[in-house]
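Following: one structure in structure tokens, then a few remarks.
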Amino acid sequence: MKIVSVVGARPQFIKAAPVSRALARAGLSECLVHTGQHYDQSMSGNFFEELNLKQPDHHLGIGSGSHGRQTGLMLEAIETALTAERPDWLLVYGDTNSTLAAALAAAKLHIPIAHVEAGARSYNRTMPEEINRVVTDHVSTLLLAASDASAANLRREGIAESAIVVAGDVMHDAVLMFSAEAERQSNALARLGLASKSFALATIHRAENTDRAERLHAIFRGLTDLTTALRVVLPLHPRTLAALDRETRDAFTGAGGILIEPAGYFDMMQMERHAALIITDSGGVQKEAFYQQVPCLTIRDETEWTELVELGWNTLLPPEQADRLREVALAARARKGVQGAPYGDGRAADIIVRSLREHRR
Ligand code: UD1
Ligand code: UDP
């Protein structure tokens, strides 16, 4: 059985790591395609090195662009790769333009598609990610949901029960797989002069926050305000760096905020683990906060990972109210959620591999 996996953006390198290892353990042949959606060393190359991912068999080098152009170029290049490889399965992760392009290319070639993180929904169609995951789910053969709630979303959309498997979250597998190595290899805390549980870790990159200047300003005003109570470390996504004006950036660093390059995965894990609070608009970071048992404040109107809000580990702050960030963050820091395991037990990759075998047509 031959599998082509398509990745392209930072979270997909992390999600692919445990699955690629599980495929190799099962003796299955995997061909890795990198679309090139992310290309900076700090957004791509570093993850291949740290996570010991195999080098891509096809590197499409697509790069940045408008949604239509980027997705269109990927579609054409992925079609060529799939036509050459003729796999039994296309395996895709999450909700990026790389996910959508790969799914469309495979669907037209009648190649069965397995979608990891199927059924996640924000029910906000202005998000590019929501369009990507809805379309991908509806052309997929095997829908690998991270949680029961994701599976229920799929059923509500009329997806056949026989196509749905609740596999759990592969990001949890990655945390368990790499924690010890991160502890050994990362010196992020010492380098940044941070004591454990004395700081907030923040990441902001979601288009709905970066592409509206007044929202981005309000979020940065909130983060700058928070630095008076807690040190704030912000590894900055290139999209946010490009959107940020110098004055706003200087106000944050001038108040003691620590602005750094996008972090490597091991440094990120260490910072997450030792943070007193995580502030984010990332999908993956919300879940990692829970795996590290750190309270999380999510700067968004809604989340796909509603289970964590229900368990009390995650608090939502609508970006329109970002001026209240300091007050809400300090309250969130004091909050511990109740225990639960909505995303499985960190063995999703093996379930995914087993499902690929069982659902092979
Ligand atoms: C993409 C995904 C988003 C995911 C995020 C993970 C889509 C629609 N969005 O958003 O769901 O959460 O990846 O990080 O697929 N850039 C660089 N260097 C890079 C990559 C990007 O400078 O290596 C800059 C470019 O200016 C680019 C911008 O970041 O235009 C946005 O990159 P893009 O891949 O289009 O979207 P992300 O915001 O990264
Ligand atoms: N991440 C990282 N360095 C950073 C920011 C995030 O290694 O500076 C990791 C993070 O630990 C998680 C993943 O990237 O595993 C999340 O990706 P991102 O926030 O870019 O995208 P999303 O999950 O929102 O799609």
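Here, each number is a calculation from the coordinates, and none is a lab measurement. Bear in mind that the values here come from a model prediction, so they are computed numbers and not experimental data. For neighbour counting, all protein chains shown are included, and Cβ atoms are generated from backbone atoms with ideal geometry for every residue, glycine included.
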Take the Cβ-Cβ distance between Ala229 and Glu49 as r, set R0 to 35 Å, and report the resulting FRET efficiency rounded to the nearest 0.05.
0.45
Amide H neighbours of Arg300 at under 5 Å, excluding residues fewer than 5 places away on the same chain, with H built from the backbone geometry, are Leu317
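Rounded to the nearest 500 deg cm²/dmol, what is the calculated helix-only ellipticity per residue at 222 nm for the chain, with -39500 (n - 2.57) per DSSP H run of length n ≥ 4?
Details: 17 runs with 171 residues, N = 361.
Dividing the helical sum by the residues of the chain leaves -14000 deg cm²/dmol.
Using Cα pairs under 8 angstrom and six or more residues apart, how large is the relative contact order of the range 104-226, in percent? Mind dumping the intermediate values first?
Numbers: 110 pairs, mean separation 23.0, N = 123.
Reported as a whole number, the value is 19 percent.
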Calculate, in nm to one decimal, what Lys197 and Glu261 gain on full extension: separation in residues at 0.36 nm each, minus their alpha carbon distance.
20.9 nm
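Going by how many other beta carbons lie within 10 Å of each one, how would you line up Asp88, Asp323, fewest first? Mind dumping the intermediate values first?
Numbers: Asp88 16, Asp323 13.
Ranked by crowding around the Cβ, least crowded first: Asp323, Asp88.
DSSP loop trypsin sites (Lys or Arg not before Pro) in the range 93-182 with at most 14 other Cβ atoms within 10 Å of their Cβ, which ones? Don't skip to the end; give the middle numbers.
On the way: sites: Lys108, Arg121, Arg125, Arg133, Arg155, Arg156; in loops: Arg121, Arg125.
Sparse-neighbourhood loop trypsin sites (Lys or Arg not before Pro): Arg125.
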Please report Val139, Val338, Val4, Val92 as a ranked list, fewest other C-beta atoms within 10 angstrom at the top and most at the bottom.
Val338, Val139, Val4, Val92
Can you work out the PRE-style zone for Glu320? Point 7 Å along Cα to Cβ, and I want the residues of the range 213-252 with backbone N under 20 Å.
213-223
In whole Hz, the Karplus estimates of ³J(HN,Hα) for the range 169-174 (6.51, -1.76, 1.60; θ = phi - 60°; x where Gly or Pro) are 9, 5, 5, 5, 3, 5
Once the in-chain neighbours fewer than 8 apart are removed, the lysines whose Cα is under 21 Å from Lys2 read Lys15, Lys54, Lys108
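Where in the range 40-125 are there chymotrypsin sites (Phe, Trp or Tyr not before Pro) that are in a DSSP coil and have at most 11 other Cβ atoms within 10 angstrom of their Cβ? Mind showing how you got there, number by number?
Working: sites: Phe47, Phe48, Trp89, Tyr93, Tyr123; in loops: Tyr123.
Answer by residue number: Tyr123.
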For the range 88-99, in order, what is each residue's ³J(HN,Hα) by Karplus, 6.51 cos²θ - 1.76 cosθ + 1.60 with θ = phi - 60°, in whole Hz (x at glycine and Pro)?
7, 9, 9, 10, 10, 10, x, 8, 8, 4, 5, 4
With Cα atoms, 0 to 90° folded angle of helix 265-274 axis to the chain main axis:
50
Packing-based exposure ordering (other Cβ within 10 Å, fewest first) of His274, His59:
His59, His274
Prolate/oblate/rounded call for the range 121-205, Cα gyration tensor, a/c under 1.5 rounded
prolate
Given that compact globular proteins tend to follow 2.2 N^0.38 Å, what is the ratio of the alpha-carbon Rg of the range 27-93 to that value?
1.17
Cα gyration tensor category, rounded, prolate or oblate, for the chain with a/c compared to 1.5
prolate
The range 1-70: trypsin sites (Lys or Arg not before Pro) in DSSP loop, at most 14 other beta carbons within 10 Å
Lys54
For the pair Asp250 and His110, how long in nm is the line joining their label points, each one 7 Å along Cα→Cβ?
6.3
Give me, ordered by chain and number, the residues 5 or more places off Cys31 or on other chains with an amide H under 5 Å from its own placed amide H.
Ile3, Val4, Ser5
The range 180-334: relative contact order as a whole-number percent, Cα under 8 Å and 6+ apart
27
Degrees between helix 10-25 axis and first principal axis of the chain (Cα, 0 to 90, nearest 10)
50
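Give the relative contact order (percent, whole number) for the chain; include only Cα pairs under 8 Å separated by 6+ residues. Write out the running numbers ahead of the final one.
Values: 710 pairs, mean separation 57.8, N = 361.
Averaging sequence separation for qualifying contacts and normalising by length gives 16 percent for the chain.
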